[in-house]
Amino acid sequence: MSSTDISINQDVHHPHEEHDHHHDQNFFEKYIFSQDHKVIGKQFLITGIAWAFIGGFLSILFRLQLGWPEATFTFLEPILGGWIVNGKLNPEFYLALVTMHGTIMVFFVLTAGLSGTFANFLIPLQIGARDMASGFMNMLSYWIFFLSSIVLFVSLFLESGPAAGGWTVYPPLSALPQAIEGSKGGMTMWLISMALFIVSQLLGGVNYITTVINLRTKGMSMTKLPLTVWAFFLTAILGLLAFPVLFSAALLLIFDRSFGTSFYLSDIFIGGAALSNTGGSPILFQHLFWFLGHPEVYIVIMPAFGIVSEVITTNARKPIFGYRAMIGSLIGISVLSFVVWAHHMFVSGMNPFLGSVFMFLTLIIAVPSAVKVFNWIATLWRGNIRFTAAMMFAIGFVSLFISGGLTGIILGNSALDIYLHDTYFVVAHFHLVMGAAAFFGMFAGVYHWFPKMFGRLMDEKLGYVHFWLTFVSVYLVFMPMHYLGIAGFPRRYYAWTGFETFNFFTDMNTFISIAAILGFTAQFIFLFNFIYSIFRGRRSTANPWHSNTLEWTTPVLPGHGNWPGPLPTVYRWPYDYSKPGAAEDYIPQTVPFSQTQSSNLPQERDLE
Amino acid sequence: MSTSTTLEAPKSGTWDGGNEPLKASYGKLMMWFFLLSDAFTFGAFLIVYGLSRHRHLPYTGEPEAFAFSQQWWPIPEKVFNAFPGFHGVDLPLAFVALMTMILILSSVTMVLAVEAGHRMDKNDVQKWLLWTILFGSIFLGCQAWEWAHFISGTEEGMLLSDGTRIFGANLTINQYGPPLFADLFFFITGFHGTHVFSGVVLLIMIFINTVNGVYHKRGHYEMVEKVGLYWHFVDLVWVFVFTFFYLV
């Protein structure tokens, strides 16, 4: 038996060698409870897109309130019903909107929708495997995620509203149902949804890691892996180590909320009466939460790193600059991500000396991040650039990552952060560096791998329109927010017109809201392009971008098992673009050195 | 770029693909990675224990004069000193030591089951799995007794400042000390107990499969090994839980 095959334990699965033989699958096996990694990837993508529109819509609702604080929103009554009181948005519902926008975007779109889609779709295709190590667990991962989505979605329709304590759900606010409306049933459902989400992430994560370790095809050593696979691999490891801690924090919070324990509660008075809870510490929750929360932002951004590296090198027709440095910086960021969590807590009364330690560790992250940025720019430098829609988004990603990353250095300073904490400066920073940037990585990935997913190409012209509208509106939304933040404008405030200081910013807030609406509207161009191209797009060839990686050696629409014949064998790294002396400007990984004698470098001659 | 390629065949080193670099099947790797993440879950709980305990005052007086109070964290030897059938006798930590011994013994029988699996000795696998199930169940039974005793409390109970007495412990009140001591005890030993219970269920499932000859037909007893990994992990976690709650 070929050991490249995934049928390592033949007892559980049927031998995959006979994969070319015809499978009779009914509709349910093929599209709903599919164990094929490609279908599961698409399921994650489509669910992620649906969530992105919901999350985006919620942000438009609160931007309306912020942009036009004096206006009446009676026209929203058909959608929001009782949440509009006398034409005004209910303040508690405003808090729920911000909370749900954060939760949906961070977890359901940029974690599940991004790494769920591309890790599932690309890992087996790019390492030369028939499928994930365990197709069944992979299917389970999606459906548990789906269940968790349902729970969160239903919580939007509760009478007391969904969770409203911020996406970080700090106790005691989130632990006491009597504190705000959003801490009632909505919070319980938030916790249940999150517990299910974590289970789904763990099922997916062990699968990704194991697949990369065990199922690489012959010749695919770790240093011949595409950077996407490295990024997904390390992302899965981060998730595997960080999510269990959120699970612990959430379980303890569930007990505090529902069973009367005092893990996070002590000395609380409500309406003048003392609660019996004693001995706990709310700061403890912050530590547990951010031990996940900080790696989580890298779980969001690292798949985008990988996708962008791949798209940029393919479309610049140049080898990636500093391949090993790219891997090293990914590893560096992964390790550092676990030792910086308390920089979210500089104002929690932490010992200033400890703060300076976390500040120092935080600022070190600038080094691997800068390595990546310089390498992307060096890859673009004097490249033979093809401006595909994916490439536009990849370059846009680099721009956003730089703009957002620079303010990270400011916020990482404990002294500066104490002033800027919980202002719009923070909002602008993380939306640029991990929100919009990760979205751009996701768009780059969708435009780039769409032909492999659906056998058709997305429309380039609409892609350009989508790119420019999105790119411009992202900057128009978040650049002004820096100034609001420096002026001390606090985030999560329903109304600020009562403060003389901030009235000055009414026009700027209106401007931001208009830009946000523009950006959100532009996404419908993408949605149309996406759906239309699935059915009517221009038919793609097997390798439309002339790319080197293994997924482009499959048929236009790879079937179950990915390669009709034997698995491909890998001879070279994935970035032999524009190699001097080569017949074409790309040499796929499956081409042995003996066939490329005209382009082999001196050290490769003896491999001929 | 790599120097590891020859003419037409790619190099076949440990990490060059097409093999299992860690010499473990994907199932075993998955179990290892799951256990790694589970270790982080338990790690978080034990850190919560450490921090919560640090927020409370320790008892500083003479050990003989120790009394339960909300003012200080109790001394475990004074809390866990009962033994079934020895009512009123002060046997500090005797019962939990017995429980721990039983759990460790179950790990030994698990090792023997795995070893019998390597020899493809179906009868021995059955025998040792049965012993493991037995010891695991006894451990759970002991924990149930320990919980029951902890919940019902001692005859004296604790005298509160308002003159009332409380007996035993639950998630909100605790006669042995601060409420958080009981909260953490129930939560962490309960979470561990859930793991042991899941382990026993898994063991029963693979025992049935073994009896039916599923693994014998398959040609290997790797499933026993995988459940064995889980079982040893749960055992190891108990050692830490035991250390945190009973020893330090």
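Just so it is clear, none of the values below were taken in a lab; they were calculated from the coordinates. Source: prediction; values computed, not measured. Here the Cβ positions follow ideal geometry from the backbone for every residue, glycine too, while neighbour counts run over all protein chains shown.
Points worth noting:
- Using R0 = 45 Å, the C-beta based FRET efficiency linking A:Val591 and A:Ala71 works out to 0.10.
- Among B:Gly13, B:Gly117, B:Gly213, residue whose mean-square fluctuation peaks in a GNM of chain B (springs only between Cα atoms under 10 Å): B:Gly13
- Candidate lysines for bridging to B:Lys226, where Cα separation is under 23 Å - those fewer than 8 sequence places away on the same chain excluded: B:Lys23, B:Lys28, B:Lys122, B:Lys127, B:Lys217
- In summary, the helical segments of chain A meeting the span-like criteria, namely a full DSSP H run, a Cα extent along the axis of 15 angstrom or more and a mean Kyte-Doolittle hydropathy of at least 1.0, are A:37-67, A:117-127, A:135-155, A:185-214, A:227-258, A:282-315, A:323-336, A:352-364, A:366-380, A:389-412, A:506-536.
- When Rg and the Kirkwood radius Rh are both evaluated on Cα atoms of the stretch A:38-191, their ratio Rg/Rh stands at 1.07.
- Burial order of peptide ranges A:268-281, A:203-216 (average beta-carbon count within 10 Å, highest first): A:203-216, A:268-281
- Length-normalised contact order of chain A in % [C-alpha pairs under 8 Å, at least 6 apart]: 15 percent
- Anisotropy class of the stretch A:411-473 from Cα gyration tensor, a/c 1.5 cut: prolate
- D (Stokes-Einstein, µm²/s), Kirkwood Cα radius, the stretch B:56-166, 0.890 mPa s at 25 °C: 145 µm²/s
- Rounded to the nearest angstrom and listed largest first, the equivalent-ellipsoid semi-axes of chain B from its Cα gyration tensor are 46, 24, 13.
- For the pair the stretch A:565-600 / the stretch A:492-537, the C-alpha centres are spaced 46 Å from each other.
- Calculation over all alpha carbon pairs of chain A in 20 angstrom steps from 0 returns a P(r) of 19, 54, 24, 3, 0 percent.
- Here the calculated FRET efficiency for B:Leu159 and A:Met222, from their Cβ-Cβ distance with R0 = 45 Å, stands at 0.10, rounded to the nearest 0.05.
- Under 24 Å from A:Lys38, Cα to Cα: lysines that are on another chain or at least 8 residues apart: A:Lys30, A:Lys218, A:Lys224, A:Lys452
- Among the GluC sites (Glu not before Pro) within the stretch B:1-109, those in coil by DSSP and having at most 15 neighbouring Cβ atoms inside 10 Å are B:Glu8.
- Take every Cα pair under 8 Å whose residues are at least 6 apart in sequence, average their separation, divide by the length of chain B, and the relative contact order is 22 percent.
- Total formal charge among the other residues, if their Cβ is under 15 angstrom from that of B:Leu247, Lys/Arg +1 and Asp/Glu -1: +1
- Calculated from the alpha-carbon coordinates, the stretch A:314-375 shows an Rg and a Dmax of 15.4, 52 Å respectively.
- Diffusion of the stretch A:277-351 by Stokes-Einstein, at 25 °C in a medium of 0.890 mPa s and with Rh set to the Kirkwood radius over alpha-carbon pairs, works out to 166 µm²/s.
- For the stretch B:9-46 versus the stretch A:217-250, the gap between their alpha-carbon centres in whole angstrom: 11 Å
- Those residues of the stretch B:64-92 whose amide nitrogen sits under 12 Å from the label point placed on B:Phe167, 7 Å along Cα→Cβ: none
- Cross-link partners for B:Lys11 among the aspartates and glutamates, with Cα-Cα distance under 16 Å and sequence neighbours closer than 8 places in the same chain left out: A:Glu604, A:Asp606, A:Glu608, B:Glu20.
- Calculated FRET efficiency for the pair A:Phe27/A:Phe524, C-beta based, R₀ 35 Å, to 0.05: 0.75
- Modelled spin labels at B:Glu62 and A:Ser598, positioned 7 Å past Cα toward Cβ, are 9.8 nm from each other.
- Kirkwood estimate for the stretch A:527-574, i.e. one over the average of 1/r between Cα atoms, Å: 12.7 Å
- At most 12 other Cβ within 10 Å, DSSP loop - GluC sites (Glu not before Pro), the stretch B:144-177: B:Glu155, B:Glu156
- Cα gyration tensor shape of the stretch A:357-513, rounded if a/c is under 1.5, else prolate or oblate by comparing a/b with b/c: oblate
- Per residue, chain B reaches -20500 deg cm²/dmol at 222 nm when only DSSP H runs of four or more residues are counted, each adding -39500 (n - 2.57).
- If you take the Cα centroid of the stretch B:64-141 and the Cα centroid of the stretch A:334-400, the two points sit 49 Å apart.
- Under the combined filter of DSSP loop state and at most 14 neighbouring Cβ atoms within 10 Å, the stretch B:22-92 retains these chymotrypsin sites (Phe, Trp or Tyr not before Pro): B:Phe66, B:Phe86.
- In nm, spacing of pseudo-spin labels at A:Val465 and B:His216 (7 Å Cα→C-beta vector): 7.1 nm
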